Amino acid sequence: MLYAIQHYTYAMRPIPRIVVAGTHSGCGKTTLASGLMAALAARGLAVQPFKVGPDFIDPTHHSAICGRTSRNLDPFMMGEAGVRETVVRASAGADIAVVEGAMGLYDGLEGSDTASTAHVAKVLDAPVLLVVDAGGASRSVHAMALGYAGFDPDVRVAGVIFNRVGSPRHRAMIAATESVPACGWVPRRKDLTVGSRHLGLEMAAETGVLGGFGAVVEETCDLPGIIDLARSAPPLPVPPEDPDRPEARVRLGVANDAAFCFYYADNLDRLVRAGAEIVFFSPMTDRLPEVDALYLGGGYPELHAEALAASRCREDVRRAVDDGMPVFAECGGLIYLAEQLTTTDGDYPMAGVLPASAVMTDRLQALGYVEARVVGTTPVLAPGSAFRGQEYHYSRLNCAPDARFALELARGRGIDGGRDGLVAQNAVGQYTHAYFTAGFAERLVQAAVAYRRA
């Protein structure tokens, strides 16, 4: 299965767009953003989805609903120009872009505005649709809406959706006072919920519930009014057109199944632009394909430890590393490269590439942004280079005393107190989910080229 960059023709035109934000986590923002995407798509619109922040799970639901790959928007990792560029490039050919926020509207890095949903809305000059949980309140919801609308004058809160409205009488009590224009009145729907686990919601492949909320949004929200708000957004600067896709120089294996499913779409695009032909495979069910390098992303290896241990692919990976193949692994991929994974169900052998064993715990071990600098020498990472990313995991790694690390973290925990990037031969495994720069992707492809020639 091959991954290809779509080729777009860019035009100087407005990009209708709207940001769906929440007052706080748990107010129904994800449900309503996904329902809005589904309702717009059901009307025949081409909807380009986005997600604020370093989230791997919500975008899978967006992509399944819209039939277009959802993209992450994160000013901390991408920079403001990167956010705008990603939106313009990905939205080509779409009728409307819908951006799902993260946490509360103004919740950013360490209590600041940085990387908040409000920050993204300002970078995109996009109107905000605020989701307010009306459960247990009536007139008071207007004080909340007005507070959010007036908190930052550079953020345009253009409409509000009142969620979890209990009854027609409850709605009438709220409607007796107007603050921010109401774009929707959504009733409580206990039948439309998505299961969750330690890393967040279930993936889209496991449930289609969120897409089913489109009918609810169609019935209870003012879709024409929301579309008009999106069309009020001014044009965005258009980046230079992409050059033609380069001739593939190498074949890059990318693990892609229920155990390894956390990837930024921009990372895959940059690898293709650097000359990689991406070949997806499943370490649970497939043998290692004929490739020149490996990229093992994060996911849920702990939920599929038995299948991973039983597959002969882990032996293929170990032999490939012994042969000098470059391998880059993140979080779940890091665990897979370890010698062993211990879960509540027992001990499972992994690929045995890195001198460490992984243990799943019942508490969060790390959560937050990462700033990394390459201090070790490895073909996969350019010495002295720096990049940003994030970490989020419930496992810990017990490393051998002589373990070598390629990364020093100015922010983040990593594997061992600010050290990350465990090295063995030409393989690097790290807890950091990196957001690739063009140079980062080029370095990995160059390592694959060198291996192929050797």
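The values are calculated or read from the model by the stated rules, or taken from the named source; none is laboratory data. Since the model is a prediction, treat every value here as computed from it, not as a measurement. Note that each Cβ is placed from the backbone with ideal geometry, even for glycine, and that neighbours are counted across all protein chains shown. All accessible areas refer to the heavy atoms of the entire protein, side chains included, with ligands and DNA or RNA removed. Shrake-Rupley method; radii C 1.70, N 1.55, O 1.52, S 1.80 Å.
Please pull out the direction-averaged projected area of the chain, using the convex hull of its alpha-carbon atoms, in nm² to one decimal place.
Approximately 21.2 nm², given one-decimal rounding.
Tell me which of GLN340, MET173, GLY136 sits at the most positive position along the dipole axis of the chain, charges placed on C-beta atoms (Lys, Arg +1; Asp, Glu -1).
Farthest towards the positive end: MET173.
Which of the listed residues, THR432, LEU381, CYS313, is farthest toward the dipole's positive end in the chain, when Lys, Arg count +1 and Asp, Glu count -1 at the beta-carbon?
Of THR432, LEU381, CYS313, it is THR432.
For the chain, give the percent of accessible area contributed by carbon and sulfur heavy atoms, probe 1.4 Å, rounded to a whole number.
49 percent
Give me the distance between the Cα centres of the range 279-358 and the range 392-449, rounded to whole Å.
The range 279-358 and the range 392-449 have Cα centres spaced 15 Å from each other.
What is the packing order of peptides 319-326, 442-449, 156-163, taking the mean over residues of other C-beta atoms within 10 Å and listing the highest first?
Most protected by this proxy first, the peptides run 156-163, 442-449, 319-326.
How high is the relative contact order of the range 364-408, in percent, with contacts defined as C-alpha pairs under 8 Å that are six or more residues apart?
50 percent
How much length is gained on full extension from GLN365 to ALA310, taking 0.36 nm per residue of separation minus their Cα-Cα distance?
This chain segment gains 17.0 nm when fully extended.
Over the range 318-454, give the accessible area per residue in Å² for a 1.4 Å probe, as an integer.
Heavy-atom SASA per residue in the range 318-454 reads 41 Å².
Once you sort the root eigenvalues of the Cα gyration tensor of the range 82-161 as a ≥ b ≥ c, which label holds: rounded (a/c under 1.5), prolate (a/b larger than b/c) or oblate (the other case)?
Verdict is prolate for the range 82-161.
Label-point separation (nm) for ALA450 and GLU290, each offset 7 Å from Cα along Cα-to-Cβ?
2.5 nm
Please go through the range 49-151 and write out the trypsin sites (Lys or Arg not before Pro) that DSSP classes as loop and that have at most 12 other C-beta atoms within 10 Å.
Sites meeting the loop and neighbour criteria: ARG139.
Which shape class, rounded, prolate or oblate, goes with the range 32-85 when its Cα gyration tensor gives a ≥ b ≥ c as root eigenvalues, a/c under 1.5 marks rounded, and past that a/b bigger than b/c marks prolate?
prolate
Taking only C-alpha pairs under 8 Å that are 6+ residues apart, what is the relative contact order of the range 309-350 in percent?
Computed over the range 309-350, the figure is 35 percent.
Using the crude model of +1 on Lys and Arg Cβ and -1 on Asp and Glu Cβ, and no other charge, please compute the dipole size for the range 1-152 relative to its Cα centre, in debye to 20.
Computed charge dipole of the range 1-152: roughly 520 debye.
VAL238 to HIS24: FRET efficiency via 1/(1 + (r/R0)^6), r the Cβ-Cβ distance, R0 35 Å, to the nearest 0.05?
Plugging the Cβ-Cβ distance into 1/(1 + (r/R0)^6) gives 0.50.
Show me 273-286, 227-240 ranked by packing, highest mean number of other Cβ atoms within 10 Å first.
Output ranking for 273-286, 227-240: 273-286, 227-240.
Please report the net charge: other residues with Cβ closer than 11 Å to the Cβ of ARG453, K and R +1, D and E -1.
It works out to a net charge of +1.
Kindly state, to the nearest 0.05, the FRET efficiency for ALA258 paired with ASP125, given R0 = 41 Å and r defined as their beta-carbon distance.
Once rounded, the FRET efficiency stands at 0.60.
At R0 = 22 Å, how high is the FRET efficiency between ARG373 and ALA400 if r is their beta carbon distance? Nearest 0.05 is fine.
0.40
To the nearest µm²/s, what D does Stokes-Einstein give for the range 16-150 at 37 °C and 0.692 mPa s, using the Kirkwood radius over alpha carbon pairs as Rh?
220 µm²/s
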